[in-house]
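**Student:** Before I ask anything, let me first share the structure, which is written out below as C-alpha cells.
Each value in this text was obtained by applying a stated rule to the coordinates, not by laboratory testing. Not measured: the values here are computed from a predicted model. Cβ placement follows ideal geometry from the backbone for every residue including glycine, while neighbour counts extend to all protein chains displayed.
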Amino acid sequence: MKRAKRTIVSLNCIDKGMFALHTKNEMMVLHWVLTITGTVEPMRLRSALMAPVGRRPTLRATIRTGLLGMVRLIEDISGHDPLTVTDLTGTHSGTARDSDDTGTLCQKRLLQWMNRPLDPTKDLPWRVLLLRRSDTEASLVFSFHHSATDGLGAFGFVTEVIERYNRAMEALPPTTDEPGDAGADELVALAQANRPAISHFYLRMIASLVYRFAIAPFSPNGRICRATSSPSPAVYFCQGTLNPRELSQVRSRSKEAGATLNDVLLAAGFRTMDQWNAVHGKASRKISIMVPVNVGRGTASATGANRVAFVSVPTVRRERANADDLLRRVHQRTSHMLRNGTAFSIVYAVHFCCCFPPLVPKAIARFLLATGVYLDSMLVTNLGLIGLAAGPSAEAANMGNARIASVVVLPPVVSPMGIGLSAGTYNDQLHVALAYKTSHFSHGEARLLLNLFLHEMRCYHRTAEGVLAPSVTERTARETVSATRPW
C-alpha cells in the first residue's frame with residue numbers, strides 16, 4: 001500500500017471509544033454476510049468496490065496515535081486489492097459426503113476469516129471475502145472495523161457496491177477532494193442540533209448519566225450463564241429465520257399491543273436470557289439490553305464515520321413474568337428514551353473520556369471489560385428492511401445474473417456480554433443472527449440459545465398455534481445476518 005498522501009481526518013468520540021476497546025484485544029469488527037446463488041465475477045466486483053470507498057475517507061485511512069491524541073491518515077489505495085477469493089469448488093464432486101465435507105470446510109474458512117486480525121493502525125479498516133462453495137453458490141462477506149463505520153454506514157457501502165456491480169462500471173479512482181480536519185466532534189454537534197427539540201435537554205443528559213454511572217451500579221446487571229470464560233477474542237455465529245407468514249403474525253400482534261417489531265425483539269431477548277439462566281440454575285434479577293441508536297438520522301456524514309450511540313433498556317424479574325405486560329413495558333421505556341434523547345448522554349460521556357490523552361480511554365476500556373459493572377447483559381439490534389436494490393424492496397436483489405438469497409449482519413461481541421443478537425428483514429423474511437464468543441459458548445449452545453430466542457418471538461403471534469420454533473441453520477450452505485437500525 002502506498003503512503004504518498006497524508007491528509008488528516010478526525011475521529012469522533014464513538015470512533016475513539018471503539019478503537020479503545022480494540023486495543024484491549026476485543027474483535028471490534030462487524031460483518032455483512034451475503035449468500036449468493038449464481039456466479040460472481042471477481043474482476044467486476046473489484047471494480048465495483050473501489051469507487052464507493054473513494055467517497056468514504058474513514059475506509060481509506062489508517063489510525064495514528066500519539067501521547068496527546070489520535071488522527072486518521074488518508075492512504076493512497078490505487079494499488080490496494082481489498083478482495084480475497086477462496087474457491088472450494090475443487091472439493092465438491094456432487095455426492096452427499098463431499099457436500100458435507102465442503103460445508104464443514106466452508107464453515108472453517110468463515111471462522112478463520114471472521115477471526116483474522118484487522119488492525120486499523122496498520123491496514124485499511126475493511127476487507128471483502130468471496131467464498132465460492134460450488135459453481136452456483138457463494139458467500140460474500142464484507143468486514144468493517146467498528147472504529148471506521150457502523151452497521152448503517154456499512155449498509156450504504158454494500159448497497160452502492162451492488163449497484164455499481166450491476167451497472168458493470170469500470171474501476172473509478174478515489175475522489176481527489178480530500179477532506180480537511182473536521183475540528184469539533186460531529187456527534188457532539190448533532191447533540192447540540194437536537195437540543196431545541198428536547199425540553200430540559202441538559203438536565204435530562206445529566207440525569208441519565210447520573211443514573212447510569214452512579215445509581216445503576218448498585219443494582220448490577222445479570223450475565224448470561226456460560227460454561228467457560230477464557231480470554232479469547234474469537235467469535236462465530238449461527239442464524240435462523242422467520243418466514244413471511246410468521247413475521248406478519250408477529251407484526252400484527254405487536255401493532256395490536258401498540259408496540260413495534262423492535263420491542264418484540266427486546267422482549268424476546270429478556271425472556272430468552274431469563275429462561276436460559278433459570279435452566280442453568282441461576283436466577284436473573286436485573287437484565288439490561290443494549291440497543292444501538294442512529295443519532296445521525298436524516299443527516300449526511302462527511303466522512304462515513306460512526307453515527308451510532310445506544311440506550312440501555314433494563315427490566316427486573318417481576319416485569320418479565322408476563323409476555324404481553326413485558327412488551328408494553330419495553331415499548332414505554334424505549335419510546336421514552338428515544339423521545340428524550342437518552343442516546344446523546346452516552347455521546348457526551350464518551351466525548352468527555354476522549355478529551356483526555358489516548359491512555360485515559362484505554363484505561364477506562366480496560367476497567368469496563370475487567371469489571372463489567374457499566375456494561376449491559378447483551379446486545380439486541382435491528383437494521384429493519386434491508387433493500388439492496390435502488391430502493392427498499394421486499395424482493396431479493398441480484399448481482400448481475402446471480403441472486404442474493406439472504407443477508408445477515410454480525411455485530412462485534414465484547415467479552416462481558418458474550419453474545420449479540422441482530423435482525424434484519426430481507427426478501428420478506430426476518431433473519432436473526434446470534435454472534436458469540438467461542439471461548440464462552442460452543443456452537444451447539446449458541447444454536448440452543450438462538451432457538452430459544454426464536455421460540456420467544458413466536459410467542460408474540462396474534463394467535464396461539466402451538467407450533468415449534470423455527471430451526472436454526474448451520475453455517476454450512478447458507479446463512480445471514482443483521483445489525484443496527486435507527487430505533
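**Student:** For Asp428 and Tyr211, compute 0.36 nm times the residue count separating them, minus their Cα-Cα distance, and round to one decimal in nm.
**Tutor:** Details: separation 217, 0.36 × 217 = 78.12 nm, distance 3.96 nm.
Computed gain between Asp428 and Tyr211 is 74.2 nm.
**Student:** Given a Förster distance of 30 Å, report the FRET efficiency between Ser252 and Leu448 from their Cβ-Cβ distance, rounded to the nearest 0.05.
**Tutor:** Working: r = 28 Å, r/R0 = 0.94.
Efficiency, rounded to the nearest 0.05: 0.60.
**Student:** Can you give the translational diffusion coefficient of the range 12-52 in µm²/s, computed by Stokes-Einstein from the Kirkwood radius over Cα pairs at 10 °C and 1.306 mPa s? Please report the intermediate quantities before stating the final value.
**Tutor:** Working: Rh = 13.5 Å.
So the translational diffusion coefficient is about 118 µm²/s.
**Student:** Right, something else. Once fully extended, how much extra length lies between Thr39 and Gln332, figured as 0.36 nm per residue of separation less the alpha-carbon to alpha-carbon distance?
**Tutor:** On the way: separation 293, 0.36 × 293 = 105.48 nm, distance 4.70 nm.
Contour length minus the Cα-Cα distance gives 100.8 nm.
**Student:** Percent relative contact order of the range 231-384, based on C-alpha pairs within less than 8 angstrom and at least six residues apart?
**Tutor:** On the way: 132 pairs, mean separation 41.4, N = 154.
Worked out over the range 231-384, it gives 27 percent.
**Student:** Something else: Just want the answer: with Cβ charges of +1 for Lys and Arg and -1 for Asp and Glu, which residue in Phe453, Ile287, Ala214 is farthest toward the dipole's positive end in the chain?
**Tutor:** The one lying farthest along the dipole's positive direction is Ala214.
**Student:** Counting other beta carbons within 10 Å of each residue's own, what order do Leu368, Leu11 fall into, fewest first? Provide the component values of the computation, followed by the final result.
**Tutor:** Values: Leu368 17, Leu11 25.
Ascending number of Cβ neighbours within 10 Å: Leu368, Leu11.
**Student:** Could you work out the relative contact order of the chain? I mean the mean sequence separation of Cα pairs under 8 Å and 6+ apart, divided by the number of residues, in percent.
**Tutor:** Computed value for the chain: 25 percent relative contact order.
**Student:** Could you compute the net charge surrounding Phe201? Neighbours are other residues with a C-beta less than 13 Å from the C-beta of Phe201; K and R count +1, D and E count -1.
**Tutor:** Working: positive: Arg195, Arg204, Arg339; negative: none.
The answer is +3.
**Student:** Give the Cα extents of the range 305-429 along the principal axes, in whole Å, largest first.
**Tutor:** Result for the range 305-429: principal-axis Cα extents of 51, 43, 28 Å.
**Student:** Sorting Val158, Val360, Val432, Val71 on the 10 Å Cβ count, fewest up front, what's the list?
**Tutor:** Working: Val158 21, Val360 13, Val432 28, Val71 17.
Least crowded to most crowded, the residues run Val360, Val71, Val158, Val432.
**Student:** Give a residue-ordered list of calculated ³J(HN,Hα) values for the range 108-118 (Karplus: 6.51 cos²θ - 1.76 cosθ + 1.60, θ = phi - 60°; whole Hz; x for Gly, Pro).
**Tutor:** Residue by residue, the range 108-118 yields 5, 5, 5, 4, 5, 5, 5, 10, 6, x, 10 Hz.
**Student:** Give me the base-10 log of I(q)/I(0) for the chain at each q in 0.05, 0.08, 0.11 Å⁻¹, Debye formula, one uniform scatterer per Cα, rounded to two decimals.
**Tutor:** -0.18, -0.46, -0.91
**Student:** Could you tally the net charge around Phe356, taking each other residue with its Cβ under 13 Å from the Cβ of Phe356, Lys/Arg +1 and Asp/Glu -1? Walk me through the numbers before you get to the answer.
**Tutor:** On the way: positive: Lys16, Lys362; negative: none.
It works out to a net charge of +2.
**Student:** So what's the net charge close to Ser439: Lys and Arg +1, Asp and Glu -1, counting the other residues with Cβ under 14 Å from its Cβ? Mind showing how you got there, number by number?
**Tutor:** Details: positive: Arg226, Lys437; negative: Glu26, Glu445.
With Lys, Arg at +1 and Asp, Glu at -1, the net is 0.
**Student:** Would you mind working out the magnitude of the charge dipole of the chain relative to its Cα centre, with +1 at each Lys and Arg C-beta and -1 at each Asp and Glu C-beta, to the nearest 20 Debye?
**Tutor:** Values: 55 positive and 38 negative charges, 240 e Å.
Rounded to the nearest 20 debye, it is 1160 debye.
**Student:** Can you find, among Gly38, Leu83, Phe310, the residue sitting farthest towards the positive end of the charge dipole of the chain, where Lys and Arg contribute +1 and Asp and Glu -1 at Cβ?
**Tutor:** Phe310
**Student:** Shifting gears a bit: Taking a 28 Å limit on the Cα-Cα distance, which of the listed pairs Lys16/Lys108; Lys255/Lys282; Lys286/Lys437; Lys282/Lys362; Lys108/Lys282; Lys16/Lys282 fall beyond it?
**Tutor:** Lys16/Lys108; Lys255/Lys282; Lys282/Lys362; Lys108/Lys282; Lys16/Lys282
**Student:** If you don't mind, there's one more thing I want to ask. Between His80 and Asp135, what is the label-to-label distance in nm when each label sits 7 Å out along the Cα-to-Cβ direction?
**Tutor:** Placing both labels 7 Å along Cα→Cβ, they lie 3.6 nm apart.
**Student:** Cα extents of the range 320-385 along the three principal axes, largest first, in whole Å?
**Tutor:** 47, 26, 24
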